[in-house]
Amino acid sequence: MCRHLVYLGPPVPLAALLFDPPHGLVHQSWAPREMRGGGTVNADGFGVAWYPAPATATRADPDPHAAARSGEPVRYRRAIPIWADAALPALAASTRSGAVMAAVRSATVGTPVVETAAAPFTDGRWLFSHNGVVPGWPDSVVGLADRLPTRDLLTLDAPTDAALLWALVRQGLRAGASPERAVAETVRAVADAAPGARLNLLLTDGRTAVASAAGHALSVRAGAGSALICSEPLDDDPAWVGVPDGHLVVATIDDVHLRAIGELV
């Protein structure tokens, strides 16, 4: 069912999210503690994306945290288990960023295990990930797919439920919806079309992060000018807070708040 996270805050090495914590994302890939709805090992690929950090803040933008989130993200994806990538530990130790999204994949039955099926998905500054499953895929969501432009369907990263969910969220953003409304409307539409769907979505532009808790566990830790949203806590710090099902987390480095999905749709 996948595991994912998004971090906003002072620049940190990618390893501080992936490898260093006692229950970092690499550990979660083979020993998750809060999987729901079946599955244990997340070995069907992974991805990490980050916003490059300039060496110093500019005069026009003196906030080093904001500088770390400037520009479009860099993405690294593979179709192998995250623990099997010999190049990743050195990359993660030497790369720092103040805005990061990462995910490990457990593929929905019948979907391909290919690099392009691994989150994060991207479009310009946007990054997106899905933790969950859409029952009855693909028949249950044919009607929703019909709402998308043909070009969007022809250019999906992969023929998967996650890639379609990203296309639906992206369509909302392009129509002018706020990030939280685009996520909430997609969750509601897919849940109506495919009852029982698990729809934990992550979306960020490097400045704001939106995450839904809809059928899966989700936790958030905020403070000291940072926010970290994860499928499950990276450690046993008591500052972690579980997100109630049916809610969104909307986070920046300065504020984290919850909203019921029903308030937005």
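The values are calculated or read from the model by the stated rules, or taken from the named source; none is laboratory data. This one's a predicted model, so the numbers in the text were calculated from it and none came from an experiment. For neighbour counting, all protein chains shown are included, and Cβ atoms are generated from backbone atoms with ideal geometry for every residue, glycine included.
Quick look at the numbers
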{"item": "Residues within segment 121-138 that are crowded, with 24+ Cβ neighbours inside 10 Å and over 26 Å from ASP20 (Cα atoms), tallied", "result": "2"}
{"item": "Qualifying residue in segment 134-153 (condition: at negative phi, touching a residue at least 60 places away in the same chain (Cβ under 8 Å) and in contact with a strand residue (DSSP E or B) (Cβ under 7 Å, 6 or more places away or on another chain))", "result": "no"}
{"item": "Unique residue being under 23 Å from MET35 (Cβ atoms), of a type in the set (A, V, I, L, M) and modelled with pLDDT of 95 or more when the list is ALA194, ALA175, ALA167", "result": "ALA194"}
{"item": "Residue match in segment 110-120 (condition: part of a loop (DSSP other than H, G, I, E, B), surrounded by 18 or more Cβ atoms within 10 Å (Cβ to Cβ) and of a type in the set (Gly, Ala, Ser))", "result": "yes"}
{"item": "Enumeration of residues in segment 78-101 that are in a helix (DSSP H, G or I), surrounded by 15 or more Cβ atoms within 10 Å (Cβ to Cβ) and not aliphatic (A, V, I, L, M)", "result": "TRP83, PRO89"}
{"item": "Some residue of segment 242-259 being touching a Lys or Arg at 6+ places or on another chain (Cβ under 6 Å) and over 25 Å from VAL141 (Cβ atoms)", "result": "no"}
{"item": "Helices (runs of 4 or more DSSP H) contained entirely in segment 146-265, each with at least 2 residues that are loosely packed, with under 15 Cβ neighbours inside 10 Å", "result": "150-154"}
{"item": "Search result, residues across segment 94-109 that are touching a residue at least 12 places away in the same chain (Cβ under 8 Å) and out of contact with any strand residue (DSSP E or B) (no Cβ under 6 Å at 6 or more places or on another chain)", "result": "SER94, THR95, ARG105, SER106, ALA107"}
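For (1) modelled with pLDDT of 70 or more; (2) not in a loop (DSSP other than H, G, I, E, B), each residue gets a yes or a no:
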site	(1), (2)
MET35	yes, no
VAL41	yes, no
VAL48	yes, yes
ALA53	yes, no
ALA57	no, no
ALA60	no, no
ALA67	no, yes
GLU72	yes, no
TYR76	yes, yes
